[in-house]
1. Out of the residues in segment 7-21 that are surrounded by fewer than 11 Cβ atoms within 10 Å (Cβ to Cβ) and not small (Gly, Ala, Ser), state the one that is nearest to Ile66 (Cα to Cα).
2. Out of contact with any Phe, Trp or Tyr (no Cβ under 6 Å at 6 or more places or on another chain), in contact (Cβ under 8 Å) with a residue 24 or more places away in the chain, closer than 15 Å to Phe31 by Cβ and of a type in the set (Lys, Arg): is that true of Lys75 in this structure?
3. Looking at segment 2-47 only, could you name the residues that are within 17 Å of Ser77 (Cβ to Cβ) and out of contact with any Leu (no Cβ under 9 Å at 6 or more places or on another chain)?
4. Take the conditions of a type in the set (A, V, I, L, M), surrounded by 11 or more Cβ atoms within 10 Å (Cβ to Cβ) and free of Cβ contacts under 8 Å to residues at least 40 places away in the same chain and apply them to Ile4. Does it pass?
5. Select, from Arg25, Arg82, Arg78, the only residue that is in a helix (DSSP H, G or I) and either under 11 Å from the mean Cα position of the chain (by Cα) or at positive phi (or both).
6. Quick one: how many residues across segment 34-75 are buried (at least 16 other Cβ atoms within 10 Å of the Cβ) and in a loop (DSSP other than H, G, I, E, B)?
Amino acid sequence: MPNIVSAKKRMRQTARKTEVNRARRSRIRTFIKKIDLAVQSGDKAGAQLALKLAQPEIMRGVTRGIMHRNTAARKISRMAARIQALS
């Protein structure tokens, strides 16, 4: 445990930000799972809609620093390719 006031404050801030980031990451994963379920069931229209909803959420994660931009782009690209392959 820190003894210095600024270190205690930094610890509190880190705890708050960790909770927020964990919630955001969980939300992104949920969107990705919805796409996976739609692709597995063969529902192309549902998968396209899920991707359309997931894309801004994933990119918001990039701007918030949850995910690297190349990782987000790779995930979106692979999901789009999987959806295209359904036809």
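1. Thr18
2. Yes, satisfied.
3. Scanning segment 2-47 gives Ile28, Ile32, Asp36.
4. It is false that Ile4 is of a type in the set (A, V, I, L, M), surrounded by 11 or more Cβ atoms within 10 Å (Cβ to Cβ) and free of Cβ contacts under 8 Å to residues at least 40 places away in the same chain.
5. Among Arg25, Arg82, Arg78, only Arg25 is in a helix (DSSP H, G or I) and either under 11 Å from the mean Cα position of the chain (by Cα) or at positive phi (or both).
6. 2
Read-outs: derived from the displayed coordinates by stated rules, not from any lab. Not measured: the values here are computed from a predicted model. Cβ sites come from the backbone with ideal geometry, for glycine too, and all protein chains shown count toward neighbours.
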